[in-house]
Amino acid sequence: MSNENFNSLYAPPSYIDDDGNLIGVNDNGANDQKIVNWVDENLDRSQNFLRSQRGWKSADICMSILHGDESGRIASSKLSSVTVKKLRRQGREAIANASNIRPRWKTKTFKNAFEETKEIYNKLRDGWFYSLFVDRFIKESLQWGGGAGTGYLMLWPEWNNSTNQIEIMPKVLSHKNVFPFHAGIDARIENVYGISAYFEMPLPEAHRKFPEHIGIIKADRDIPSYFAGRYEKAKKSYGSGIMGWIGRKSKDENFTPYPVADIFYTWVMDDSVNKSGMTLIIGDPEAHYSYKVPALFDKSGQICRTDGNKRTIISDQPEYNEKNQDGSFKYRKLSRKECKLFPYRRLIISTRNGVIYDGPPMWICRRPPLTQFVFERMVGEWLGISLLRDGRSLERSANNMARAIEDGIVGRLSPPIAINSSLGQPIIGKLTGSVRSMIGKVFKTTALVAEKALIPLLSADYFNIDARAVELIKFLHEMSDYVMGTADYAAWQRLKQLPAADTQEQMTENLGVLATDQEREVERSLLELGEIWQDFAPQVYDTARVITTLGKDGITEETWDFEPNSLIPSTETDNNLSYAEKLQHHMKIFSLYAAPHSMQERQSITNKLTLMQLKKMGVPISDRKLYETFVDDGEFNAMRKEYDEEQQQKMLQAAELQKKLQEANRVADPQNQLHDKLLNEIRGTSQEGRPPNNSARPQLEQKLRDGIPDSTLATT
């Protein structure tokens, strides 16, 4: 099957026709409706796929545990409702432990000319991470990962209202907000055929974000799905809804207090190629993401060729027979990859009523800008497994046992009884309420009636508590700790306070493999997050932003050839390339790496202690290595320069003082005690303090201590 047939089966409707014209511009939106239908069809397929996942079945229940909403049903208000939400506590601890991170991915390059640029990226990374509190967004994604099994974090350059400038903004998404298209058994976000991120935006927010498309952004529902159930309960509780709550009623019974619109960001591997016979400009020509695509075929259907400057040559020209001095042909055939309309996927932003955007991504990224966070990933599953799933039955059992114990104790105080109808109404009224309310009360009745006033319906032995119940509750909680790996997390926390290397080694050996495995899952997700940020950074941070963020020393001499609106160096050889093409070449220069056990704060403590032990053992470790391990703020060169300047200043001050002392020595008496004292202090030979030992033969001396003779061994 040809590539064109493949696209017609799976890809969205064509972006351009065979003549290179944009489809949908003059067809009154007919093609847009086809695209909307294509997105809806794939969303339905993806929903069925996600519902078939093992993690989906328990996601909502486990998430309600993390929210603290789930509690066992109580048959009667008289029964015990005691609940120990240990599972929630364990989940929160695991999430807090995993989100205690620093941005420990690093940029590296194989070209020495870009070493300074690499350092700028590392500094910008830290500034972005700490200024936006990205670790808090990661924590929210991990809450979805720990509770529902899967969470997502999306990075997308948008306007930051806090700083009034474009920033790489994080967006947290749940397992219900990301839809993979045609996901295989080994599918991941970076290799899945298509993927869609779903945002349920309040209508004013959606209109403000896309003001030119208000006509197709309509309310899909009156109340957001994520609090629809709670809203209905609140509406019933207050009778007149939210407006009644604040003291004002709506006259319109159909009033919709919180309309929302569904917005879909869809990335798809559209393999369409340029067959128009001419070079096309893809995207807005004035935008930074636009680029040129040469034609794969000419008008006659023959494959086109290109010269060294990547100018498309029509295939029927005779120059193809020309050869270079080495015998090679002067021109070469264009490859299908070079002629792809969307080298980094096609982006569609749509609603259920129309298309907001269709074309190349407005911010170029080599993968969909989504990162999946899970604690437990199972082979053959797209969704992860919730941390809390396996502990549910243990917690339910322990709570049932605790309630039974409380019911047994209360039952002995207020047992079920039958009341003699001959008793007076005051006595019957009190007994009907609670037997314990009879304490201290005095009633008037006959002895015969009082003798048979109360008849117990159950024997006293019925409420006896089995002595094994408490032990069973303890066992269930211990098993819960084992299943959840709570002991492993406690060990990680104690690792921060290790006093010595031997304790460190022992503690590391005691760490469970479960916690280590979960840490590695988080590390991989963070590295993927770093790769996305690395692609967006040169498009967002211009020279002015770098200087503002890093100061005037942030840009070095090697990086002053940057264009004012870009971190992409402008070189003469790249003058024929578009910004997007320069960016694609620039991206390939850099890569990311994450040293093992460096992203997690507690693991970083382990590395520091290990490094210090190696230093004590005489292992040659450089000052830069020590600085980067303990501080790692990218300021080693600046700190070293500052240190050298301080040492030089101290040496100059010492030399100046020595000079003044020499001048004083020429005019002063050589026997002057003050002069000798200062000179000895400078030379480090001062005789003040305790005299040196072993300077004479030991001898026994007699001294008086408080009038009592005492022998002392003297060595001076």
**Message:** Looking only at residues that are surrounded by 17 or more Cβ atoms within 10 Å (Cβ to Cβ) and more than 29 Å from the chain's Cα centre (by Cα) in segment 188-222, which one is farthest from PHE342 (Cα to Cα)?
**Reply:** ASP220
**Message:** I need the full set of residues from segment 381-402 which are touching a Leu at 6+ places or on another chain (Cβ under 7 Å) and farther than 27 Å from ARG54 by Cα, in order please.
**Reply:** MET401
**Prompt:** Which number in (1) hydrophobic (A, V, I, L, M, F, W, C); (2) part of a strand (DSSP E or B); (3) at pLDDT below 90 marks the one condition that PHE264 misses?
**Reply:** (3)
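Quick one: which residue in ILE555, ILE568, ILE605, ILE621 is under 30 Å from ILE189 (Cβ atoms), aliphatic (A, V, I, L, M) and either at pLDDT below 80 or surrounded by 13 or more Cβ atoms within 10 Å (Cβ to Cβ) (or both)?
Details: ILE555 fails: under 30 Å from ILE189 (Cβ atoms); ILE605 fails: under 30 Å from ILE189 (Cβ atoms); ILE621 fails: under 30 Å from ILE189 (Cβ atoms).
Criteria check complete, one pass: ILE568.
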**Request:** Determine whether LEU132 is over 17 Å from the mean Cα position of the chain (by Cα), at pLDDT 85 or above and among the hydrophobic types (A, V, I, L, M, F, W, C).
**Result:** no
**Request:** Just give me the residues in segment 334-392 being of a type in the set (Phe, Trp, Tyr) and either under 23 Å from the mean Cα position of the chain (by Cα) or crowded, with 20+ Cβ neighbours inside 10 Å (or both), in sequence order.
**Result:** PHE342, TYR344, TRP363, PHE373, PHE375, TRP382
**Complete:** Per the filter on segment 649-665, residues within 60 Å of the chain's Cα centre (by Cα) and surrounded by 11 or more Cβ atoms within 10 Å (Cβ to Cβ) are ALA654, LEU657, GLN658
**Request:** Read through the list (1) among the polar types (S, T, N, Q); (2) modelled with pLDDT under 90; (3) more than 30 Å from ALA537 (Cβ to Cβ), then give the number of the only condition that SER335 fails.
**Result:** (3)
**Prompt:** Taking helices (runs of 4 or more DSSP H) that fall entirely within segment 416-527, which contain at least 2 residues that are at pLDDT 80 or above and within 30 Å of THR150 (Cα to Cα)?
**Reply:** 468-484
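Tell me whether segment 173-184 contains one or more residues that are among the hydrophobic types (A, V, I, L, M, F, W, C), more than 30 Å from PRO343 (Cβ to Cβ) and either surrounded by fewer than 15 Cβ atoms within 10 Å (Cβ to Cβ) or under 12 Å from the mean Cα position of the chain (by Cα) (or both).
First, the residues of segment 173-184 that are among the hydrophobic types (A, V, I, L, M, F, W, C): 173, 178-179, 181, 183.
Still in the list and also more than 30 Å from PRO343 (Cβ to Cβ): none.
No, the conditions are met nowhere in segment 173-184.
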**Message:** Any residue in segment 137-151 that is crowded, with 24+ Cβ neighbours inside 10 Å sitting within a Cβ distance under 7 Å of a residue that is of a type in the set (S, T, N, Q) and part of a helix (DSSP H, G or I)? List the pairs, counting only those 6 or more apart or interchain.
**Reply:** GLY151/SER141; GLY151/GLN143
**Item:** Answer from ASP270, ASP252 - the residue that is modelled with pLDDT of 80 or more and of a type in the set (D, E, K, R)
**Value:** ASP270
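The values are calculated or read from the model by the stated rules, or taken from the named source; none is laboratory data. If you're wondering where the values come from, they're calculated on a predicted model, not measured in any experiment. Cβ sites come from the backbone with ideal geometry, for glycine too, and all protein chains shown count toward neighbours.
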